[in-house]
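To start, the structure under review is shown below, and the notes come after it.
The values are calculated or read from the model by the stated rules, or taken from the named source; none is laboratory data. In this text, all values refer to a predicted model and were calculated from it rather than measured experimentally. Note that we place each Cβ from the backbone using ideal geometry, even for glycine, and neighbour counts take in every protein chain shown.
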Amino acid sequence: MARGTIIALGGGGFTMRGTFSPLDRYVLGATRRARPRVCFIASAGGDPGKHLRRFYRVFRAVDCEPAHLDVFAVPEQGVAAFLAAQDVVYVGGGNTRNLLLLWRGWGVHRALREAAAGGTVLAGISAGALCWFREGITDSWPGRLAPLACLGFIDASFSPHYDGEPGRRPAFQGLIARGRLRSGFAADDGVALRFDDGVFREAVAEDAGKSAYRVVRAGRGVRERALPTRLLV
């Protein structure tokens with residue numbers, strides 16, 4: 001597990017809404033800084049330019065200092081120093097498998113672990129949420145949902161988009177029931193889970209009626225429990 005704060009969004013936030021949302025405000029608020037430095041990483045996106053344009057349009061209107069990391073144009077000071085200087089690293093959605101391949105090739109995963117230990121908040125949506133867990137369910141392969149080993153900063157499995165994509169819930173539960181994934185967490189669209197030093201702290205939502213879940217293997221099946229989820233205002 002990794003030291004520091006990690007916020008995993010099942011969906012929602014500016015990448016899905018197109019505007020600064022209560023979940024985005026929650027992520028920035030975790031820094032406890034009046035004007036936080038926020039770095040967006042769009043490695044998982046098929047069109048990073050589109051995602052970056054949206055990020056800068058939204059966050060330049062907020063009291064923060066936006067920046068981004070492009071693994072195809074490594075910062076002059078190096079990845080580790082660049083990320084360590086950020087208050088938030090916010091990872092976008094897309095293809096989780098491609099994201100992990102790029103990060104491991106450039107050592108981004110090690111730099112992120114060091115940054116988190118130094119106080120940088122790690123956050124992300126969809127692929128950018130799943131990546132922090134030991135493993136989880138992904139649609140990185142066309143036409144199917146499959147298990148994927150991830151970074152292990154949080155020692156559990158994870159599913160984003162739990163209510164937003166047909167098939168997610170039964171596929172995640174089935175993989176846990178068959179022992180192909182360990183017990184873990186799931187989040188509806190518009191819900192985020194916060195972990196401190198790898199330990200679950202709270203779940204929050206930007207929409208009423210949304211939840212986070214604990215999904216645990218029980219015998220030959222699973223036991224799903226809705227977690228208390230605080231509505232952001």
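For segment 187-212, filtered to residues that are among the charged types (D, E, K, R) and either buried (at least 19 other Cβ atoms within 10 Å of the Cβ) or closer than 19 Å to I125 by Cβ (or both), the residue that is nearest to the chain's Cα centre (by Cα) is R194. In the condition set (1) in contact with a Lys or Arg (Cβ under 7 Å, 6 or more places away or on another chain); (2) on the phi > 0 side of the Ramachandran plot, G198 is compliant with all but (1).
The numbered conditions (1) without any contact (Cβ under 8 Å) to a residue 40 or more places away in the chain; (2) in contact with a helix residue (DSSP H, G or I) (Cβ under 6 Å, 6 or more places away or on another chain) are all true for A208 except (2). Per the conditions (1) of a type in the set (D, E, K, R); (2) surrounded by fewer than 16 Cβ atoms within 10 Å (Cβ to Cβ); (3) under 25 Å from F200 (Cβ atoms), the sole criterion not satisfied by D70 is (3). Considering segment 187-214 alone, what residues qualify as being basic (K, R), over 17 Å from H161 (Cβ atoms) and part of a loop (DSSP other than H, G, I, E, B)? None; the set is empty.
Could you tell me whether segment 68-83 includes any residue that is without any contact (Cβ under 8 Å) to a residue 40 or more places away in the chain, touching a Ser or Thr at 6+ places or on another chain (Cβ under 9 Å) and among the acidic types (D, E)? Taking every residue of segment 68-83 in turn, at least one turns out to be without any contact (Cβ under 8 Å) to a residue 40 or more places away in the chain, touching a Ser or Thr at 6+ places or on another chain (Cβ under 9 Å) and among the acidic types (D, E). Against the numbered list (1) touching a strand residue (DSSP E or B) at 6+ places or on another chain (Cβ under 8 Å); (2) at pLDDT below 95; (3) not acidic (D, E), R144 comes up short only at (1). Inspection of segment 35-58 identifies at least one residue that is surrounded by fewer than 14 Cβ atoms within 10 Å (Cβ to Cβ), modelled with pLDDT under 95, in a helix (DSSP H, G or I) and of a type in the set (D, E, K, R). The residue that is farthest from D196 (Cα to Cα), counting only those in segment 15-34 that are modelled with pLDDT of 95 or more and not in a loop (DSSP other than H, G, I, E, B), is P22. Has segment 181-195 got any residue that is closer than 28 Å to H51 by Cβ, among the hydroxyl-bearing types (S, T, Y) and modelled with pLDDT of 95 or more? Taking every residue of segment 181-195 in turn, none turns out to be closer than 28 Å to H51 by Cβ, among the hydroxyl-bearing types (S, T, Y) and modelled with pLDDT of 95 or more. In segment 98-121, the residues that are at negative phi reach residues that are at pLDDT 95 or above and among the hydroxyl-bearing types (S, T, Y) with C-beta atoms within less than 7 angstrom, at least six apart or across chains, in these pairs: V121/T5; V121/T31.
Listed here are the residues, each with its yes/no results for (1) surrounded by fewer than 17 Cβ atoms within 10 Å (Cβ to Cβ); (2) in contact with a helix residue (DSSP H, G or I) (Cβ under 8 Å, 6 or more places away or on another chain); (3) part of a strand (DSSP E or B).
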residue	(1), (2), (3)
L151	no, yes, no
F158	no, yes, yes
P166	yes, no, no
P170	yes, no, no
F185	no, no, yes
V216	yes, yes, yes
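Return yes or no: is P48 touching a residue at least 12 places away in the same chain (Cβ under 8 Å) and over 21 Å from D139 (Cβ atoms)? No. The conditions of being more than 20 Å from the chain's Cα centre (by Cα) and either part of a loop (DSSP other than H, G, I, E, B) or at negative phi (or both) are not met by R230. When segment 94-128 is examined, which residues are found to be at pLDDT below 95 and among the small types (G, A, S)? Across segment 94-128, the qualifying residues are G94, G105, G107.
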